[in-house]
1. Just to verify a result, which residue in segment 244-277, among those that are under 19 Å from Ser314 (Cα atoms) and in a helix (DSSP H, G or I), is modelled with the highest pLDDT?
2. Among the listed residues Thr162, Thr148, Thr174, which satisfies the condition of being farther than 30 Å from Pro263 by Cβ and surrounded by fewer than 17 Cβ atoms within 10 Å (Cβ to Cβ)?
3. Which of the residues spanning segment 192-206 are on the phi < 0 side of the Ramachandran plot and either in contact with a Cys (Cβ under 7 Å, 6 or more places away or on another chain) or part of a loop (DSSP other than H, G, I, E, B) (or both)?
4. Within segment 116-134, identify whether any single residue is modelled with pLDDT under 95, within 24 Å of the chain's Cα centre (by Cα), under 30 Å from Ala198 (Cβ atoms) and open to solvent by 70 Å² or more (accessible area, probe 1.4 Å), and answer yes or no.
5. Touching a residue at least 60 places away in the same chain (Cβ under 8 Å) and open to solvent by 20 Å² or more (accessible area, probe 1.4 Å) - does that describe any residue in segment 239-253?
6. Identify the residue in segment 178-191 that is polar (S, T, N, Q) and not in a loop (DSSP other than H, G, I, E, B) and, among all such residues, is farthest from Glu237 (Cα to Cα).
7. List the number of the failed condition for Cys270; all other conditions in (1) of a type outside the set (A, V, I, L, M); (2) within 18 Å of the chain's Cα centre (by Cα); (3) more than 29 Å from Leu149 (Cβ to Cβ) hold.
8. Of all residues being small (Gly, Ala, Ser) and more than 27 Å from Tyr253 (Cβ to Cβ) in segment 13-56, which is surrounded by the fewest Cβ atoms within 10 Å (Cβ to Cβ)? Just the residue, please.
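The values are calculated or read from the model by the stated rules, or taken from the named source; none is laboratory data. Keep in mind the model is a prediction, meaning the values are calculated, not measured. In this analysis, Cβ positions are derived from the backbone assuming ideal geometry, glycine residues included, and neighbour counts consider all displayed protein chains. Ligands, DNA and RNA are excluded from the accessible area calculation, which covers all protein heavy atoms including side chains. Shrake-Rupley method; radii C 1.70, N 1.55, O 1.52, S 1.80 Å.
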Amino acid sequence: MEDSFKKKKMKRWLLQVLGSHTTFVALLVYVDDIILAGPNINILQQLQTSLQAKFKLKTLGPLKYFLGFEIARAQYGLFLSQCKYTLQLLADTGYTSSKPAKALMDPKIRLTDQEGDVLNNPSHYRQLIGRLLYLTLSRPDITFVVNTLSQFMSCPRTTHLTALHHLLRYLKGTPGQGILYSSSSSLHLQGFSDSDWATCPITRRSTTGFCIFLGDCLISWKTKKQPTVSKSSAKAEYRALAATTSELTWLQYLLKDLQIPQPTPAFIYCDNQSAIHIANNPTFHERTKHIELDCHFVREKIAQSVIRLIPVSSNLQLADAFTKALPSTTLNSHLSKMAIHDIYGPS
């Protein structure tokens, strides 16, 4: 059985798959925690018995709680959150009784490494950032702010701590927020790609942001400062587009291992016409030699019908939430389209 497993390593995770169709089994291992999944409960029980014959295991039944993640099941789908983890974080920081904040961060604020006084004890700030980074695994809404605050961990200042406390107040208002995975969703990959040009006031590097859906279900998202300075918004957008394409391509391979058929091409929604023209028109490549690798990579995927670029208006660009701090009304509108809800909050 072990020889016939396909193995796929993901950082500290190990994913193994076996069989096909009704005999398909996926085994996910993280250190000493294991999840078994498959369409045939009898085969899963047989595998469980085989594992128990060789290892000392404790069977916990249907998946409800895993590494701080809470899984709630219903007929319409599955809901993933870190409610208990969030409440514990608020209790440890003394923000359980604080006044909730509607927005993650003031959109007008641009944090720098010069304003404010240096913190006397930066370890508390760093510990909070570490805990918040883990929370971003089920909270796409806080990804941009946590990414921004984590850039000042080497020498945090009072302005950064104030922004961090504001984020904790936002979490106070939405402790049970998580992602809904609909059971009736399609299985077509589609992504939203965006960048915020020269957004960093210190280095003037741009910020890449993307989110990828499997049908209506959000399965991947990212915020990252670009490694080099882009001299135009089109180049910044194209670098973000290349990062989105790379992630989407990896997900296609992963879904293939999980035997989830993928219609092609996958769609990527981009709100920059120049980036779309560069990708679709080879004659533009001569003018963009400094991003030549990205150009060839995206162009190759388009030629192979792996992806297709779709223009989208800026007000419908869901990846905006991963490149900048948005007003609460805009953020809430985007989150509802990402199927991010708080099932524990008041209706």
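1. Step by step, filter segment 244-277, then rank; the result is Thr244.
2. After ruling out the rest, the residue left standing is Thr162.
3. Phe192, Ser193, Trp197, Thr199, Cys200, Pro201, Ile202, Thr203, Arg205, Ser206, listed by residue number.
4. No: zero hits.
5. yes
6. Ser182
7. With respect to (1) of a type outside the set (A, V, I, L, M); (2) within 18 Å of the chain's Cα centre (by Cα); (3) more than 29 Å from Leu149 (Cβ to Cβ), Cys270 is out only on (3).
8. Ala53
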